[in-house]
1. Under a plain spin-label model, where a point goes 7 Å from the Cα along Cα-to-Cβ, how far apart in nm are LEU244 and ASP147?
2. Would you work out if the chain is rounded, prolate or oblate? Take a ≥ b ≥ c from the square roots of the eigenvalues of the alpha-carbon gyration tensor; rounded if a/c is under 1.5, else prolate when a/b is larger than b/c, oblate otherwise.
3. Calculate the FRET efficiency for ARG14 and ASP178 from the Cβ-Cβ distance with a Förster distance of 45 Å, rounded to the nearest 0.05.
4. Considering amide H positions built from the backbone, and no H for Pro or chain starts, which residues 5 or more places from GLU3, or on another chain, come under 5 Å of its amide H?
5. Name the shape class, rounded, prolate or oblate, that the alpha-carbon gyration tensor gives for region 169-265, where a ≥ b ≥ c are the square roots of its eigenvalues, rounded holds for a/c under 1.5, and otherwise prolate holds if a/b is larger than b/c and oblate otherwise.
6. Quick check: net charge around MET270, other residues with Cβ under 9 Å of its Cβ, Lys/Arg +1 and Asp/Glu -1?
7. Over the chain, what is the mean sequence separation of C-alpha contacts under 8 Å (at least six apart), divided by residue count, expressed as relative contact order in percent?
8. Can you tell me which of GLY68, GLY13, GLY255 moves the most in a GNM of the chain? Springs connect C-alpha atoms under 10 Å apart.
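The numbers here are math on the coordinates, done by the rules we state, and not lab data. Note that the structure is a prediction, hence the values are computed from the model and not measured. Methodologically, a virtual Cβ is constructed for each residue, glycine included, from the backbone with ideal geometry; neighbour enumeration extends over all protein chains shown.
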Amino acid sequence: MTETISVAVPRKGRPLEAVLNRVAAEADAERVADDVISTLRYEKAVTKGDQTPEGDVYERLAEYSRLGEPTEPDFTLLRDDRAGKPRRIVFDSVTVSAGDVDLRLVGREEPFRALRKHDFALGFDSADLVLEEVVELRPDPLTRIADVNARIDPHDTDVRVVAGMGDTVYHTLLATPDALPQGADPTRELLTDYEGDLCISPRYERLVEAVLGTRNAATLDFCYPGEDEEEEAAIAGTGVGVYLTVTGSTAREHGLAVGERLFPSETVLMENYEETGPAADRVMDLFARPETETEMAIY
């Protein structure tokens, strides 16, 4: 009988899409992956007001979900953070066949925390969550995902990073020309002599301290974008900041110089090594492929 392995995955967003794309490639599940991705992209557009649905959220949920059919995707409702706390449709679960094991992908708001609580042996989440919660802060900066495991206190958690999915964007240092010495680019070295406000996304304090190093972060005062304010606009108003960028085009539109890539943000496969066994090892072998273009670089 084929063994089923439950794997915690994000409920929405880029990390979930990265997982589904890899599952589609490794487990011959392109139709299921496309179904989930297209549904959630449409619902995101509804959330942003870019699409006007015909039915209400409950009617759409009933249309999307196929209860009692585990090999078809199921969805659920969560409260959104927008004003009024409306309900938003997000991924719940689906089972796909991957060779001699079945993967039961289970949506969780924070898969990393689910692994920390020993609810799952395996899970996918952004590497950012590991930095935000468990990496040791040191004077020297953390620059590679490959070095994350070495900074995890074994007494703090049994979770370790196994492999990257290759959906890399970067935490990048941004600054206005007025905040820079003449002709200089935004680099970690700039922050060595910088004292003042550094604009970052909320909840990213530990991450920024880790990737800058506490030696550089000691003289910084973190500040944050205002409600409904674009991060790039907030950084332009502050002078210096750190934000996730892909091309940096939006930052340049706000007059910002795009500087050093401080740390790669990538979806990673994680294991709770106290919960893994032979079946989980086969799943890890499926996703930890040397040919994957990833910033993980641990092979």
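1. Modelled inter-label distance: 2.2 nm.
2. Judged from the Cα gyration tensor, the chain comes out oblate (a/c at least 1.5, b/c at or above a/b).
3. Calculated value: 0.85.
4. The list, which skips near neighbours in sequence, is ASP102.
5. Because its axes are fairly even, with a/c under 1.5, region 169-265 counts as rounded.
6. Once positives and negatives cancel, what remains is -1.
7. 24
8. GLY68
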